[in-house]
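For reference, the structure I am asking about is given below.
The values are calculated or read from the model by the stated rules, or taken from the named source; none is laboratory data. This structure is a prediction, so every number in the text was calculated from the model and none was measured. Glycine also receives a Cβ, built like all others from the backbone with ideal geometry; neighbour counts cover every protein chain displayed.
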Amino acid sequence: MSSKWHVLLFLTLLALAPPTFIRDSHAADGGQAPPQGIGNKVVGFKLGGYFPQSSELENFDVGVHGEVSVERNLSQYFGIGAAIGLFQMNNTTNVLVSQGGTLTSVSTDQTVRSTYLILNATLMIPAGAFVPYVEGGGGYYFTHIKESSSASNSKDDTSFGYHAGAGLNWFFTKDYYIGLGGRYIWTKTNDLNIRLDGVLADVNLGIRF
């Protein structure tokens, strides 16, 4: 089974975690407030890693990922919002170049950096201080690819992509939470023909008001 399917299986199991199990896992007076006392606006932060899954990026190292989001909860079970984020990965490879009629191996540093702006819908299952969730949405990815050796070469591309994910947040006070989340993204650059499919795995931090 490929790593992609392992991750998708993990996200599915996390999203389907029985509320009774989660409810029994926290202290009696946890951070979850009654519905009338909960703010409906959320500012969130994510920091973690990007794990490329496409064959075009199989030699790249695990990348870094960060995101800032805003969300409005229409109820304690459903919210919509937007996020801006960035992920980046690097690779070093040897490329044959012609120098004076002779082929020479030159070390080349490759960097792929993508900044994105997405819309997101979240389904939540409150269970005391713990809130498991599933999410999905789509948006635009602005990708910059750079190769550096004796000379530098860079290209830019814009593409549309979509995503799905799941996670678990713990409200350690009424309004502040910490958690873990995972998201799979699907997108392909238009001109450069490179798939950026991959897994974003993060620590979640946030506040609602």
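Taking the options Y141, Y162, name whichever one is within 29 Å of D109 (Cβ to Cβ), under 13 Å from the mean Cα position of the chain (by Cα) and free of Cβ contacts under 8 Å to residues at least 60 places away in the same chain.
Numbers: Y162 fails: within 29 Å of D109 (Cβ to Cβ).
Criteria check complete, one pass: Y141.
Can G39 be described as of a type outside the set (V, I, T) and either at pLDDT below 85 or in contact with a Gly (Cβ under 8 Å, 6 or more places away or on another chain) (or both)? Don't jump to the end; show me each part of the working.
Working: of a type outside the set (V, I, T): yes; either at pLDDT below 85 or in contact with a Gly (Cβ under 8 Å, 6 or more places away or on another chain) (or both): yes.
Yes, satisfied.
For residues in the stretch 183-197 being crowded, with 19+ Cβ neighbours inside 10 Å and in contact with a His (Cβ under 9 Å, 6 or more places away or on another chain), which is nearest to E135 (Cα to Cα)?
R183
Could you tell me whether V68 is at pLDDT 90 or above and in contact with an Asp or Glu (Cβ under 7 Å, 6 or more places away or on another chain)?
Answer is no for this residue.
Follow-up. Is it the case, given these coordinates, that T187 is assigned to a loop (DSSP other than H, G, I, E, B) and β-branched (V, I, T)? Quick ask: steps written out before the conclusion?
Values: assigned to a loop (DSSP other than H, G, I, E, B): no; β-branched (V, I, T): yes.
So T187 does not fit the description; no.
Would you please name the residue that is farthest from the chain's Cα centre (by Cα), looking only at residues in the stretch 198-209 that are surrounded by fewer than 16 Cβ atoms within 10 Å (Cβ to Cβ) and either closer than 16 Å to T143 by Cα or β-branched (V, I, T) (or both)? Show your work before the answer.
Within the stretch 198-209, the first condition is being surrounded by fewer than 16 Cβ atoms within 10 Å (Cβ to Cβ), and the residues that meet it are 203, 205, 207, 209.
From what is left, the residues that are either closer than 16 Å to T143 by Cα or β-branched (V, I, T) (or both) are 203, 207.
Values: V203: 10, I207: 19 Å.
Here the residue is I207.
Go through Y162, Y133, Y176 for me and flag whichever is hydroxyl-bearing (S, T, Y), at pLDDT 95 or above and crowded, with 16+ Cβ neighbours inside 10 Å. Before the answer, list the steps.
Values: Y162 fails: crowded, with 16+ Cβ neighbours inside 10 Å; Y176 fails: crowded, with 16+ Cβ neighbours inside 10 Å.
So the residue among Y162, Y133, Y176 that is hydroxyl-bearing (S, T, Y), at pLDDT 95 or above and crowded, with 16+ Cβ neighbours inside 10 Å is Y133.
Identify the single condition in (1) in contact with a helix residue (DSSP H, G or I) (Cβ under 8 Å, 6 or more places away or on another chain); (2) surrounded by fewer than 18 Cβ atoms within 10 Å (Cβ to Cβ); (3) at pLDDT 95 or above that F142 does not satisfy, given that it satisfies every other one.
(1)
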